[in-house]
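Below you'll find the structure, written out as structure tokens, and then a few comments.
Laboratory data are not the source of any read-out in this text; all were calculated from the coordinates shown. All of these numbers come straight from a predicted model, not from anything done at the bench. Positions of Cβ are backbone-derived with ideal geometry, glycine not excepted, and every protein chain shown enters the neighbour counts.
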Amino acid sequence: GGNARAYSAPSLWLPSGNMPDSLTRGSFLRAGELLAPQGYLCVTIDLPNHGSQAKPGYSNLTGWGKRAAMGDDFVAEFNARMKQVIDHLIAEGLADPERIAVTGTSRGGFMAIRYAAFDPRMKCAVGYAPVTDLRRLREFNLALDVPGVDLMSLDAHVPELVGRPLLIMIGDRDERVGTDAAYRFASKLSEAAVAADVPSQVELRILSEPRGHSMPSSVG
């Protein structure tokens, strides 16, 4: 209705696995726990090959690797699915199109940043220990000769993200997704901002504890 937009809320999108985990597990919901009390609508959908999107033999990251080996751009499928839900909530007056943020952890952080690159309505994106280079995941070893893997990884989407607010937090010994890969991606964003003569709004925080592929429970 005509007054619906006056009641629309800011929204936080939390793509970090399957829907129940994204909205209940503390490691995935950390930003939501801070923003929901401030009136943010917390929303999520299943990642590719997770939850309702899983198929026999094609579940979780194993499914991503197999699909990549076949040249299947599973990120494009996810982006289209997520956009459809966002468009619906905006049309219903439930979500404010001017106040949308996206955050995710690990594989969800990858999808969050890829979605921000796809949809300029995302005002900011946060990746906790995010995958930045899919080739760093052992599940993608079977797609070594598939160039599309590089086109799906974050480095290929620097142009869409230059100058936009982006926070990346990762441990200094993250061998699962690669601390060095996250640093390289953030550096490319900074270099691109300099070249474009725009303020760089990428922030990279490298944390010493806890070690490995995880984030401190206090990080929000």
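Worth a mention:
- At q = 0.10, 0.11, 0.16, 0.18 Å⁻¹, base-10 log of I(q)/I(0) for the chain (Debye sum, equal scatterers on each alpha carbon): -0.43, -0.52, -1.11, -1.39
- Against the empirical curve 2.2 N^0.38 Å, the C-alpha radius of gyration of region 76-167 lands at a ratio of 1.15.
- The alpha carbons of region 26-126 stretch over 41, 29, 22 Å along the principal axes, in descending order.
- Eligible lysines near Lys66 by straight Cα distance, threshold 30 Å, same-chain separation 8 or greater: Lys55, Lys83, Lys188
- Principal axis box of region 102-144, alpha-carbon based, largest edge first, Å: 35, 18, 10
- Bins of 10 Å, starting at 0 and running to the largest distance - Cα pair percent for region 177-220: 25, 42, 25, 8
- Estimated D of region 90-220 in µm² per second, where Rh is the Kirkwood radius over Cα pairs and Stokes-Einstein applies at 4 °C, 1.567 mPa s: 85
- Overall dimensions of region 143-203 as given by Cα atoms, namely Rg and Dmax in Å: 12.7, 37
- Amide H partners (placed H, <5 Å) of Cys42, local residues excluded: Leu12
- Loop exposure criterion: GluC sites (Glu not before Pro), DSSP state outside H, G, I, E and B, at most 14 other Cβ atoms within 10 Å. Applied to the chain, the longest stretch between such sites is 1-91.
- Farthest toward the positive end of the dipole of region 76-193, out of Pro97, Gly108, Met169, is the Cα of Met169, where the dipole comes from beta carbon charges about the Cα centre.
- Taking the Cα atoms of region 66-119, the ratio Rg/Rh between the radius of gyration and the Kirkwood radius comes to 1.04.
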